[in-house]
Amino acid sequence: MTRKQRVLCGLIVVFPFAAFVVSLFIGSWHIPAKDIVKTLLSPVFPSLASGFPDPEGYINIVFSVRLPRLILAMTVGASLSVSGAALQALFKNPLVNEFILGISSGAAFGASLSLVFLGAAFPPQVAAFAFAVVAVLLVLSISRKSDSPIISLLLTGVITSAFFSALLSLVEYFASPYALQALFNWLMGNMTWPGWNELALALPLMGIGIAVLISMRWRLNVLSMSDEEARALGVNLRRDKLLVIVMATLMTAAATSVAGIIGWVGLLVPHLVRMMVGVDNRRVIPLSAALGAGYLVLADDLARSLASFELPVGIFTSLIGIPFFIVLLRKSKKVWL
């Protein structure tokens, strides 16, 4: 690894922590920087909160609004980025991501079905994961029978996404006006609603997926080779491929169930990492997690700061991601995988 790549690796690792600290001071309600610091320390040193103009208000804003929102943004960004990087390595195609495989649309349909018709009795994370698995199984079972599996995979993924999008439209049609408004805001990608209770189930699922795929990063290098070469190196192809797909599905379903549909993160971030530090998945997977976490935190900051009203972060990531990805395509002179 060159000196420039080592510097870039260091900057990427620091980026999400810097974005997290800066974002604590951003919000519609202005809190002085020194009071933010005192608020964060107040659980350990209660006497620090005594000098606040509004102690309870500051504590609620920091611990009940900003902290869960920032943790959610970081975890969702890392999950989508790692999922995209792992799937691209597994299928040896830079265009593969959770949207192409139908994971996001299946998870969105499952979560919306739970939110509109099943209520709190059935967690949306469970429904999102179940239908995300159904979407992946449909794509894989159809594409594996083709003479051109990669092309068939992409086409089948597009068709599956369209199918679940149609089912999602059907759910929207039968939803009540109140549920439809809530569902519409959620589907555009939103970091506003989830609090600690909503994150209690989703965060462990995303954390497990990130940890497992990071631990498999060297195996993804082998899986990106031909099947014959991977078998010669002693890799259990069936087990490892299944594990990567299950973990990517788990992370995407959990992220979609709490934050809605947030596009282009899983496609853009891994490409950007590969352009900076190379294609070795031992670096790409963990650095994609770091860059994705910081990127989504920054996107969420911009989405709620550029105007007097808050933009859905899913719309904002698409507005940033599409032109930026076009620039990356035009500037890249080499194969990324």
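The values are calculated or read from the model by the stated rules, or taken from the named source; none is laboratory data. It should be emphasised that the depicted structure is a prediction, and the values quoted were computed from it without experimental measurement. Cβ coordinates were reconstructed from backbone atoms using ideal geometry, including for glycine residues, and neighbour counts include every protein chain displayed.
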Worksheet item: Somewhere in region 277-297, is a residue under 27 Å from Gly110 (Cβ atoms), part of a loop (DSSP other than H, G, I, E, B) and of a type outside the set (A, V, I, L, M, F, W, C)?
Response: no
Response to the item:
Among residues of region 196-228 being among the aliphatic types (A, V, I, L, M) and part of a loop (DSSP other than H, G, I, E, B), the residue farthest from the chain's Cα centre (by Cα) is Met225
Worksheet item: Hey, among the residues in region 116-127 that are surrounded by fewer than 22 Cβ atoms within 10 Å (Cβ to Cβ) and part of a helix (DSSP H, G or I), which one's modelled with the lowest pLDDT?
Response: Ala120
Worksheet item: Consider Ile326 against the criteria (1) crowded, with 24+ Cβ neighbours inside 10 Å; (2) modelled with pLDDT under 90; (3) among the β-branched types (Val, Ile, Thr): it satisfies all of them except one. Which criterion is unmet?
Response: (1)
Discussion item. Can you tell me which of (1) within 28 Å of Phe15 (Cα to Cα); (2) polar (S, T, N, Q); (3) surrounded by fewer than 24 Cβ atoms within 10 Å (Cβ to Cβ) is the one Thr75 doesn't meet?
Written reply: (3)
Worksheet, complete the sentence: Picked from region 158-187 (must be assigned to a helix (DSSP H, G or I) and polar (S, T, N, Q)), the residue surrounded by the most Cβ atoms within 10 Å (Cβ to Cβ) is Thr160
Practice prompt. Would you be able to tell me the number of residues in region 92-107 that are surrounded by fewer than 24 Cβ atoms within 10 Å (Cβ to Cβ) and assigned to a helix (DSSP H, G or I)?
Written response: 0
Worksheet item: Does Asn190 satisfy the condition of being surrounded by fewer than 22 Cβ atoms within 10 Å (Cβ to Cβ) and polar (S, T, N, Q)?
Response: no
Worksheet item: Among (1) more than 13 Å from the chain's Cα centre (by Cα); (2) at pLDDT 85 or above; (3) over 15 Å from Gly314 (Cβ atoms), which single condition is Ala86 missing?
Response: (1)
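Criterion first (surrounded by fewer than 23 Cβ atoms within 10 Å (Cβ to Cβ) and touching a Pro at 6+ places or on another chain (Cβ under 8 Å)) does Ile245 satisfy it?
Answer is no for this residue.
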